[in-house]
Amino acid sequence: MDKFRMMFQFLQSNQESFMNGICGIMALASAQLYSAFEFSCPCIPEYNYAYGIGLLVIPPIWFFLLGFVLNNNVSMLAEEWKRPTGKRVKDPTILRYMFVSITQRSLIAPMVWISVTLMDGKSFLCAFSVNLDIRQFGNSTLIEGMTEVEIVKMLAKIPCKNIFDQPEVISREAASRYIKCISQAFGWVFLLLMTLAAFMIRAIRPCFTQAAFLKTKYWSHYVDIERKLFDETCKEHAKTFAKVCIQQYFESISGDMRSFHKHRSSKDDSDDDDDDKKKSDEDKLLGIRDQDDMNKVLWNWHTCKPPLALRKEQPDGESHEGLIPNGDVHGVSGGPNGYTNHHAPDLPKREWAVYYSKV
Amino acid sequence: MDRLKLVLQYFQSNSESISNGICIVLALISVKLYTSFDFNCPCIPQYNKLYALGVMFVPPLIFFFLGILVNRHTGVMMEEWLRPIGKRSKNPAIVKYMFSAMMQRALLAPMVWILVTLLDGKIFICAFSMSVDPKPFSGMPNNTGLDLLKLMAKVPCKEDMIFRNSTFRKAVSRYVRCYSQAIGWSILLFFILLGALGRLIKPCFDDHATNLQTRYWSNYLDIEQKLFDETCVLHCRDFARKCVVQFFEGMREDAVLRLPLSPEVRYRGEEDMVDEEEERLHGITKQEQMDQLLQTWFQCKPELDVTRMAYRPRVCVTWEDHSGQTLYSDV
């Protein structure tokens, strides 16, 4: 467990290395899937080719699409592509860069599957055993006596050790060795070509567009981070918004009770040390102290939710004397006196403002 | 677990040791790949040599290119080689040093593959069994109807029926394997001698002082590149944060204006945080400024002179008592 935690921490430290980690995991999964998969060639002339080539080509397509699905940046790319221009100019090089980097990462697992399949040779053997040049491997005298159809049927059975029943006509091992050898040659050539392509892209690219490349890398990273920060800020805002909204809802249900309680407690315990603790408990109760009130709160929360409009009010019991340079806040109530007096017996007049949340 | 952590920490501490670590990992991958690869000699005269030599030389080529690709220094070297001169003069010795270091590291995995191949012997047997003269070996099956070449080509294939229970096949294989291992060990010895000689004799020929300088500046370039990337990332984060906060506040503008509350109230408590963030932005607050910065970083790198920053004038205080004696001094 510790090992996994360490690995996760290391991978998550950096967005790029996280995506590389996912890419590596998919490549390993692809190799593991191949070894766990039980390859069973049908050994029937009409289906061999379809099965062999299908197994070579379809799982890579699936892994490629899976790579796109698992990559977070795909939705970011789509968003950046589709947004209206607005105040920020759209740069097509950034879109291209993002698309290319997503594609590069998604191509690794398919490549691993194709190389492992070709190196193993079974799918080639299954697909191409009927195309074997029988003169080279078979006993020509016995072959003369067989019809075309019989020959093809026999060749199709070569991949299946248990079914093959004519070892005197053709040597099954020699034929399968030959086809496997061709398959492995294809595999190595494929790997070499892919490596050369990657080499061209990574090592030779700086010759052409280094400055522009730095720019696109920075701005594509910026788009990603900006999106994340925006989501975070929205979440925090929603949390605070919800908190204040609910607080005001509770207060509105029990408005009078609360001010009565506050008045009583402030007269008794204004100078006590545990005033704060009592106050925080009082605050937490938000004026709801009996069953009927609570039932009303819960019922109304479903039947009649409060509007999404926060009232801006000065918190009672806190002094803003130091911060407000003048008593302008109470433009409506008139005069700063109602402000500085903490223990006014009646509700201080409140300044109303409407906050619109555009989240 | 702790050991692994220590090893990882050691390797990550230094850029050179990261490259060495990657190089060793590639060599280990090469050995693992060889052992898991199912070597399948075709045992047909025309294809034996082609297949065997292909398997001996194509994977080293692949590992060589991979070794260059995964090395971070490749990018640093290419950038240093291709950049315009600008304010910083170019030193070709640095590029040469980085190139030779990169080549040495990239050549390790291919050499390991070739050596393992030779020491194992399968590939040699596949390629050269046809060139063996069968006369010294007894027990050659002569009733198969195959000509000599075809027969010898089948020697690498154990399961072939004509060689069942035959000592001839084993003898020929052993002979060819012996050659293969001899060649493998000699190549290994040759490279070790070359390395040892190089280490011993090189100091006689080159200038140690220049060497130190070259190594220092190539390490510097690597670190500078890394720090630039890190600074870009941090800047990006702060830029984005400011942008988002500004966006939110921009939407809030209307509400604030309706209240006669002074907005300065809000900032009082966050002064310190704002200062720290602004410092990380380094005054770059617009897209055009950032673009210009990145363009200039490549086109015209700044000169290697940070004297101004390092020796910023500082106020020094000296306390003296009424008779002029120094009680305390910053000087």
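Label positions at A:K217 and A:K161, each projected 7 Å from the Cα along the C-beta direction, are separated by 5.1 nm.
Over the C-alpha atoms of the range A:117-204, the Rg to Rh ratio, Rh being the Kirkwood estimate, stands at 1.18. Legend: translational diffusion of the range A:19-209 by Stokes-Einstein, Rh = Kirkwood radius over C-alpha pairs, 25 °C, 0.890 mPa s; D = 125 µm²/s.
Under the criterion of Cα pairs below 8 Å and six or more residues apart, the relative contact order for the range A:19-209 equals 29 percent. Averaging over all projection directions, the Cα-based convex hull of the range B:1-116 occupies 10.4 nm² in the image plane.
Once the 1.4 Å probe is applied to the protein heavy atoms, the range A:19-209 comes out at 55 Å² accessible per residue. Interface area, chains A and B: about 5300 Å² of buried accessible surface, summed, with a 1.4 Å probe and ligands, DNA and RNA left out.
A simple spin-label model places pseudo-atoms 7 Å from Cα toward Cβ; at A:T147 and B:K96 they are separated by 7.8 nm. Measuring nothing but protein heavy atoms, the accessible surface of the range A:162-243 at 1.4 Å probe radius is 66 percent carbon and sulfur. Can you tell me how much longer the chain between A:F208 and A:E38 gets when fully stretched, taken as 0.36 nm per residue apart minus their C-alpha distance, in nm with one decimal? Extending this stretch completely gives an extra 56.5 nm. Between B:Y175 and A:K90, the C-beta separation translates, for a Förster distance of 60 Å, into a calculated FRET efficiency of about 0.25. Computed 3J(HN,Hα) for the range B:87-93, one whole-Hz value per residue from the Karplus formula 6.51 cos²θ - 1.76 cosθ + 1.60 where θ = phi - 60°, is 8, 10, 6, 9, 10, x, 5, glycine and proline marked x. Descending by average beta-carbon neighbour count within 10 Å, the peptides B:115-123, A:287-295 line up as B:115-123, A:287-295, the highest first. With all protein chains in place and ligands, DNA and RNA left out, the 1.4 Å accessible area ranks A:F241, B:F247 as B:F247, A:F241, largest first.
Per residue of B:224-237, other chain Cβ atoms within 10 Å of the residue Cβ number 2 on average. Mind scanning A:K161/B:K154; A:K305/B:K242; A:K217/A:K243; A:K82/A:K305; A:K217/B:K242 and naming the pairs with a C-alpha gap bigger than 28 Å? Over 28 Å apart, Cα to Cα: A:K305/B:K242; A:K217/A:K243; A:K82/A:K305. Remark: spin-label model distance B:Q213-A:F99 equals 4.9 nm, labels positioned 7 Å along the Cα→Cβ axis. Surface analysis of the range B:16-141 yields an accessible area of 45 Å² per residue, using protein heavy atoms and a 1.4 Å probe. Take the alpha-carbon centre of the range A:74-141, take the same for the range B:71-115, and report the distance between them in whole Å. The two parts, judged by their Cα centres, are 31 Å apart.
Sorted largest first by accessible area at a 1.4 angstrom probe radius, with every protein chain in place, the residues B:T144, B:T214 fall in the order B:T144, B:T214.
Peptide B:78-89 shows a mean partner chain C-beta count of 2 within 10 Å per residue C-beta. Along the range A:149-162 the Karplus relation, 6.51 cos²θ - 1.76 cosθ + 1.60 evaluated at θ = phi - 60°, assigns HN-Hα couplings of 4, 5, 4, 4, 4, 5, 4, 5, 7, 4, x, 9, 4, 6 Hz to successive residues, with x for each Gly and Pro. Accessible-area loss of 30 Å² or more (1.4 Å probe, protein heavy atoms, chain alone versus all protein chains) is found in the range B:44-74 for B:I44, B:Y47, B:Y51, B:V58, B:I62, B:F65, B:L69. Here the peptides A:27-39, B:60-72, B:174-186 are ranked by packing, the mean other Cβ count within 10 Å, and the order with the highest first is B:60-72, B:174-186, A:27-39. Pairs spanning more than 28 Å between alpha-carbon atoms, out of A:K87/B:K87; A:K157/B:K158; A:K180/B:K135: A:K87/B:K87; A:K180/B:K135. Amide H to amide H distances under 5 Å link A:G138 with no residue, where only residues 5 or more positions off or on other chains count and H is placed in the peptide plane.
The values are calculated or read from the model by the stated rules, or taken from the named source; none is laboratory data. Just so it is clear, the model here is predicted, and its values are computed rather than measured. Don't worry about glycine lacking a Cβ; one is built from the backbone with ideal geometry, like all the others, and counts go over all protein chains shown. What goes into the accessible areas is simple: the full protein's heavy atoms, side chains included, and nothing from ligands, DNA or RNA. Shrake-Rupley method; radii C 1.70, N 1.55, O 1.52, S 1.80 Å.
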